[in-house]
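Step one of this worksheet: look at the structure below.
Read-outs: derived from the displayed coordinates by stated rules, not from any lab. Remember, it's a predicted structure, so these values are computed and weren't measured experimentally. Ideal geometry is used to build each Cβ from the backbone, glycine not excepted, and the neighbour counts take in all protein chains shown.
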Amino acid sequence: MSIKRCECKTIGIPEAARILGISRSLAYALARKGELPGTIALGKRLVVSRAALERVLNGEIQGERGDYGGAGGN
């Protein structure tokens, strides 16, 4: 029996920070403010859409607000 690795459509904030070359704390701060592209809140957990992050890195969009509006509930 072989186990296939799933290519997830979301990544955690620490992985997004590594990809962007920023600190984990900055990535969490941006995500909470709704300024990290593709951020999605799943309960108390924040994840980032891999597709949205790739679009930003490819220069297709300047930035994209995710589903998480931050503490103010934008």
Could you check the simple spin-label distance between Ile61 and Leu42, using points 7 Å along Cα→Cβ, in nm with one decimal? 1.9
Net lengthening on full extension, Cys6/Lys33 (0.36 nm per residue, minus Cα-Cα): 6.8 nm
